[in-house]
1. Only one of (1) assigned to a loop (DSSP other than H, G, I, E, B); (2) surrounded by 20 or more Cβ atoms within 10 Å (Cβ to Cβ); (3) without any contact (Cβ under 8 Å) to a residue 40 or more places away in the chain is not met by residue 547, so which one is it?
2. Go through (1) modelled with pLDDT under 95; (2) surrounded by fewer than 24 Cβ atoms within 10 Å (Cβ to Cβ); (3) farther than 24 Å from residue 55 by Cβ for residue 208 and report which single condition fails.
3. Has the stretch 536-544 got any residue that is closer than 30 Å to residue 74 by Cβ, without any contact (Cβ under 8 Å) to a residue 12 or more places away in the chain and not assigned by TED's automatic domain parsing to the domain that holds residue 79?
4. How many residues are assigned to a loop (DSSP other than H, G, I, E, B) and within 15 Å of residue 125 (Cβ to Cβ) when one looks only at the stretch 1-60?
5. So residue 563 fits all but one of (1) touching a residue at least 12 places away in the same chain (Cβ under 8 Å); (2) in contact with a strand residue (DSSP E or B) (Cβ under 7 Å, 6 or more places away or on another chain); what number is the exception?
6. Go through the stretch 605-633 and count every residue that is surrounded by fewer than 19 Cβ atoms within 10 Å (Cβ to Cβ), touching a strand residue (DSSP E or B) at 6+ places or on another chain (Cβ under 7 Å) and outside any strand (DSSP E or B).
7. Return yes or no: is residue 137 within 26 Å of residue 311 (Cβ to Cβ) and either outside any helix (DSSP H, G or I) or modelled with pLDDT under 85 (or both)?
8. I'd like the full set of residues that are free of Cβ contacts under 8 Å to residues at least 60 places away in the same chain and either in contact with a helix residue (DSSP H, G or I) (Cβ under 7 Å, 6 or more places away or on another chain) or at positive phi (or both), limited to the stretch 215-236.
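The values are calculated or read from the model by the stated rules, or taken from the named source; none is laboratory data. Quick caveat, the model's predicted, so the values are computed rather than measured. Cβ coordinates were reconstructed from backbone atoms using ideal geometry, including for glycine residues, and neighbour counts include every protein chain displayed.
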């Protein structure tokens, strides 16, 4: 009965979405206040109906209702409760319902917190947002219904993919979808602005918090996925340029560009057309990512393997919304006249360079991702585009971006003197050079990668600190420190986010250049050297888990005579899913990780063992955390300022105060 109620609520939500897509849009065109006001209750109702439907599906997984086909295919009565719940979105149908839930959530948030928006713009934004929801409601109900019943319910389920039974991946999809789908609201703002034919500083201030929220969620989601791949897959890497990884990375790059271009619209009323285009493309690439993951046209270790008919449906959604928005953009872009004029050397120019580098790097990743498909369709050739291409084609853009970032952050608006800005960042340049020189001197292998990467990372980190300090004005140390404590949270947010980027660059450079890898057959009781450590294979035992069998090794890591870590890497077999997994064990440290993997038994009684010593590995994810924290700091400041502006204006069309 609960499942039927959930299905019925989903149908009702789709009907409400149709009404919301039509009535407020007509009201905005005709100037009918009542019709425009209908958008808010409709958005609220649509969200709560979808939330009820999602809750009904979650309940079915929690109680192991094996009369539902989806529960049978993705759950098991012995599975831990966390993975029963995460099993709701660990499949195509349930994840699409989560997608629509988040889509309606963002629409409802725009309705609840958009009191400072002009009524016509708010009505059009909510109508466009609901039109996207209509398309995905149709997709779920017609091709991916999660509430299908089994004719004869089995006694138990087929279990969830063992690779997905992990805390990191349990939380990875929700955060990723909050980022993916959050960009739908910036898309709705862009289309609504094109329909109205007006983009001004206030519009830039309104769209920027939603872009920032989506970017923060994407950052957290990508970091969780990267961390999961690092410790769960047993390959020892943090990024593999997999098509599904790229599917989330491309919108992240465009969202970062959109976030910075919206600053120029808000502060200087320039780059209007470019910002609108970025908002369309960012959500367009989210839809492309959905197509890549769910169409089955590109092979990935963690894509949903579904029939191409569903991919065609998603392709139609992509064509209608992205193609329609781009057509509208072509017709209306000429009306987006830029008002602000700026010099070649200015913060505006630096942000333009930032946008160009991020956008071009996104398209480089896109070409590398789809080229195997294009080559097979057009030339009948099966090709593989791997890490060497992406590293060679993508890295130069990030190097240039890192070089200009500290200088661009310090440049004033409108026009600036380059020599003055360069003088301010000289300490950062000296520090970066000295650390690079030290790294070059100490390293044993003559590779330039680590010193250059460290120099760029330190340059970005020190530059962000100098940018924050430069905002304290002149005077003695005490007065500058007092002003430092009174800076807006957005200033701190920008500095922390840029600081995090530098930390991640340092971690990536050190791990790629200096990691030590050792693969061997080890006997129980044997010690062997790996870098500065000695690793001992103490024992190998057979262990039974709650829903798996495990071959667990007990291994000790020594430095000299001191025991550094006792680790237990495993090889698990899930009997229901009939699938093995590799469970690495890692001794995480501030300066290095000791990463151990146990392999198969050998004929001579030994065991295959892989050992990695990974310098500064955790700095990669620490930097991602700092970027997310920086985004949240800026977001908290933006919300406060927008709310204050709305209150002063009595809830009317207030222009938000810039937080730069």
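1. (3)
2. Failing condition for residue 208: (2).
3. Looking through the stretch 536-544, at least one residue is closer than 30 Å to residue 74 by Cβ, without any contact (Cβ under 8 Å) to a residue 12 or more places away in the chain and not assigned by TED's automatic domain parsing to the domain that holds residue 79.
4. The total comes to 1.
5. Failing condition for residue 563: (1).
6. Residues that pass the stated criteria total 1.
7. no
8. Once the filter is applied, which keeps residues that are free of Cβ contacts under 8 Å to residues at least 60 places away in the same chain and either in contact with a helix residue (DSSP H, G or I) (Cβ under 7 Å, 6 or more places away or on another chain) or at positive phi (or both), the stretch 215-236 yields 217, 218, 221, 224, 225.
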